[in-house]
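The values are calculated or read from the model by the stated rules, or taken from the named source; none is laboratory data. Remember, it's a predicted structure, so these values are computed and weren't measured experimentally. Virtual Cβ from ideal backbone geometry, glycine too; neighbours counted across all protein chains shown.
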Amino acid sequence: MLTTLTLADLAARTGLDVLGHLEREVTIPVTNGIQAQGDLLVIPIALLATEASDGWAPPGVSIADSARWHPVPAAGIEVLRAGTGGNPHTLVADPGTCRWTTGVNDPETLALGALTTTGTAYLIHPEHGGSGIAPGTYVIRRQRERSGTTPRTGSFPHATNPVQYEYIVD
Amino acid sequence: MSAARGPGEHPDDTFQYATSRSVRLPRDASPVEKIRLAVTLRNEWLAVGLSTEPADRPAAEAAVGRLYELAGARPPAFEWAVSPLAALRAVQAARSRYPAIRSPRRLVSRRTGQWPLAARLAVLESGLRSRLDARIRRAAVAWPTMPGDGTGTVSIYDPEDAVLSGISDRSVVVVTAGQSLRGTLTGAVVAPLRAALGQAIGRDASEDQPGPAGGVIAFRGQQDAAWVGYYDIRRRAGFGGYASADLCELDAWAALARSAGWWWPGEGLCVMAERPAAVHTEPLAGSHHGELRLHHADGPAISFADGFGANVVHGTPVPGWVLSGPTVDLIRAEPNIEVRRSAIERLGWDAYLRDAGMTLVASCPDPGNPGAELRLYDDLPGKGWGALGRVLVVTNGTPEPGGHRRRYGINVPRDLDNPVAAAAWTYGLTGELYATLQRRT
């Protein structure tokens with residue numbers, strides 16, 4: 001099982017590389033909560049299903065009926081890679097334990113996809129190191145920022161959001 | 001950080017221009033040997049695309065002459081220019097030789113033989129590429145780009161490791177040769193150069209593209225190594241052959257890519273540009289496939305003998321003031337987020353926040369990022385882009401190679417008063433949920 005690994009173990013195990021200055025021998029923490037890796041956020045899907053409970057509830061995040069699940073191969077799945085100058089975030093897990101789909105309904109349109117894993121899965125990035133993901137189902141979202149041209153007029157945090165924004169790539 | 005002035009002087013020894021044209025692949029070459037050769041050839045083609053050598057004018061003119069003949073025309077007269085800008089001015093001065101090329105719909109209404117020569121050459125190129133792609137598709141997937149489609153994970157591995165870990169060499173060559181060359185030459189070099197050219201002639205970059213208003217077509221010469229090189233590498237590294245007529249055509253494009261810069265084919269006249277005098281690049285951090293991007297902190301990252309060039313910082317095209325003297329006022333007036341960020345990083349975030357007189361709205365500990373703070377700032381009302389919202393200054397969860405943690409600003413909507421709610425907004429969450437963040441790396 002891929003469990004309680006160090007970054008060095010993970011790098012050796014997967015063949016993926018991380019930059020030399022990262023602490024390689026420290027155990028990678030594994031959590032079933034929200035965690036961030038640079039411009040990505042891993043969120044347990046249950047937390048997004050019914051996020052707002054006060055009065056009018058926005059539509060939650062869900063897996064699409066038509067979603068196609070792909071087994072995460074030993075080589076991993078590249079979840080996001082910036083166009084120019086960016087490094088990939090890669091999802092890795094023991095073969096047969098983790099599946100990935102991009103079929104996610106996200107009213108905020110920030111979801112890259114969802115993973116469901118029965119063992120520990122890891123998100124790994126050459127500059128950010130590793131993030132351990134406990135068994136469960138999670139949505140991976142990317143980060144945005146307001147673009148500089150249009151003033152915001154809508155109300156936060158409900159789904160129909162007129163703020164113009166751009167995705168952040170680090 | 002690295003600067004390339006000609007392929008032979010690149011500090012990275014993978015850039016030595018080895019003349020491997022004589023390299024023969026053994027008949028029983030293993031997938032690893034094929035990929036190793038593909039990487040060598042890719043580095044050669046990359047050096048071609050970034051070459052700062054003077055043009056080989058006889059070779060370039062001979063190659064253009066062959067392409068004209070393939071397009072059904074006689075070889076043209078030539079006019080040489082020191083830069084793409086000088087070349088485009090020469091084209092504008094000879095507009096009678098360059099019938100305006102309008103939208104494709106207008107083109108198809110006439111017979112091919114009556115098309116402007118540049119359009120016929122474009123069709124020649126796309127026809128060749130489709131035939132080569134068709135030949136490749138028969139053997140393997142051609143250009144898959146979706147994650148999980150076979151090549152999605154190749155880019156995170158060293159090319160030989162990818163093969164050893166069981167990924168097909170045919171997938172690896174697509175990434176390590178095709179996508180690498182295209183990303184560097186087309187994405188990271190041609191695109192900023194086109195933008196700079198558009199600015200220099202006072203309009204957007206569409207002047208060198210056919211469009212509703214008419215235009216001329218520029219061919220990229222050395223940077224066409226992005227596609228020429230890919231097809232050439234596949235053939236020479238043992239990934240399959242092409243029809244001999246197609247190979248002859250490809251050779252003409254290859255000879256041209258090896259010998260000159262951009263070129264503008266017209267009726268009986270072809271304006272040719274010299275290659276740049278200097279090109280400064282840096283490797284993409286973490287790339288295993290030799291990708292580069294333009295970068296130079298002290299002047300144009302790519303420049304020609306007449307001074308035309310493009311300022312590019314870590315791959316981001318920037319106006320000259322970002323290099324020569326970024327100021328708070330200039331940053332405020334700049335609408336492009338990436339340009340602003342490049343300029344602020346040159347000033348330093350602390351200096352920018354102080355000099356811009358931005359006022360701290362609130363600060364608090366950053367959830368999941370021990371020791372770091374989220375700091376939410378308001379800009380002076382009514383001034384520049386900051387008036388449209390607020391800036392959340394955050395600290396990376398992971399240290400940089402030097403040990404320090406990079407800070408940067410993220411633009412957030414104006415009505416967010418709480419730094420945690422502002423950070424939460426960037427991921428589409430409520431502040432309550434974001435406050436439970438366990439760990440940031």
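Considering each residue of the stretch B:399-428, count those that are closer than 16 Å to B:L376 by Cβ and out of contact with any strand residue (DSSP E or B) (no Cβ under 7 Å at 6 or more places or on another chain), and give that number.
Matching residues across the stretch B:399-428 total 3.
Which one of the conditions (1) modelled with pLDDT of 90 or more; (2) over 27 Å from B:Y231 (Cα atoms); (3) surrounded by 14 or more Cβ atoms within 10 Å (Cβ to Cβ) does B:A77 fail to meet, given that it meets all the rest?
B:A77 satisfies all of (1) modelled with pLDDT of 90 or more; (2) over 27 Å from B:Y231 (Cα atoms); (3) surrounded by 14 or more Cβ atoms within 10 Å (Cβ to Cβ) except (3).
For B:A387, all conditions in the list (1) within 12 Å of another protein chain (Cβ to nearest Cβ); (2) modelled with pLDDT of 90 or more; (3) touching a Lys or Arg at 6+ places or on another chain (Cβ under 9 Å) hold save one; what is the number of the exception?
Status for B:A387: all satisfied but (2).
What are the residues in the stretch A:100-115 that are more than 11 Å from chain B (Cβ to nearest Cβ) and crowded, with 18+ Cβ neighbours inside 10 Å, if any?
A:V104, A:A114, A:L115
Results for (1) farther than 15 Å from A:D39 by Cβ; (2) surrounded by fewer than 17 Cβ atoms within 10 Å (Cβ to Cβ); (3) modelled with pLDDT of 95 or more, shown as yes or no for each residue.
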residue: B:P401; (1), (2), (3): yes, yes, no
residue: B:R406; (1), (2), (3): no, yes, no
residue: B:V412; (1), (2), (3): no, no, no
residue: B:D417; (1), (2), (3): yes, yes, no
residue: B:V420; (1), (2), (3): yes, no, yes
residue: B:L429; (1), (2), (3): no, no, no
residue: B:E432; (1), (2), (3): yes, yes, no
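For the structure I just gave you, tell me whether B:A225 is within 22 Å of B:V174 (Cα to Cα) and either surrounded by fewer than 22 Cβ atoms within 10 Å (Cβ to Cβ) or without any contact (Cβ under 8 Å) to a residue 12 or more places away in the chain (or both).
no
Of the conditions (1) touching a Ser or Thr at 6+ places or on another chain (Cβ under 7 Å); (2) within 8 Å of chain A (Cβ to nearest Cβ); (3) modelled with pLDDT of 85 or more, B:T436 satisfies every one except a single condition; which number is it?
Unmet for B:T436, out of (1) touching a Ser or Thr at 6+ places or on another chain (Cβ under 7 Å); (2) within 8 Å of chain A (Cβ to nearest Cβ); (3) modelled with pLDDT of 85 or more: (1).
Kindly check whether there is at least one residue in the stretch B:280-287 that is in contact with a helix residue (DSSP H, G or I) (Cβ under 7 Å, 6 or more places away or on another chain) and either acidic (D, E) or within 20 Å of B:G198 (Cβ to Cβ) (or both).
No, because not a single residue in the stretch B:280-287 is in contact with a helix residue (DSSP H, G or I) (Cβ under 7 Å, 6 or more places away or on another chain) and either acidic (D, E) or within 20 Å of B:G198 (Cβ to Cβ) (or both).
Can B:E345 be described as out of contact with any strand residue (DSSP E or B) (no Cβ under 6 Å at 6 or more places or on another chain) and modelled with pLDDT under 90?
So B:E345 fits the description; yes.
Please verify whether the stretch B:248-261 includes one or more residues that are aromatic (F, W, Y) and either at pLDDT 95 or above or within 20 Å of the chain's Cα centre (by Cα) (or both).
yes
Answer yes if at least one residue in the stretch B:407-417 is within 12 Å of chain A (Cβ to nearest Cβ), in a helix (DSSP H, G or I) and closer than 30 Å to A:V30 by Cα, and no otherwise.
No: zero hits.
Can you tell me which condition B:P326 does not meet? The list is (1) more than 30 Å from B:I201 (Cβ to Cβ); (2) in contact with a Lys or Arg (Cβ under 9 Å, 6 or more places away or on another chain); (3) at pLDDT 90 or above, and all the others hold.
It is condition (1) that B:P326 fails.
Mind checking which residues of the stretch B:169-227 are of a type in the set (D, E) and either outside any helix (DSSP H, G or I) or modelled with pLDDT under 80 (or both)?
Residues satisfying the conditions are B:D204, B:E207, B:D208.
Taking B:T441, is it of a type in the set (S, T, N, Q), over 22 Å from B:A343 (Cα atoms) and either surrounded by fewer than 19 Cβ atoms within 10 Å (Cβ to Cβ) or modelled with pLDDT of 85 or more (or both)?
yes
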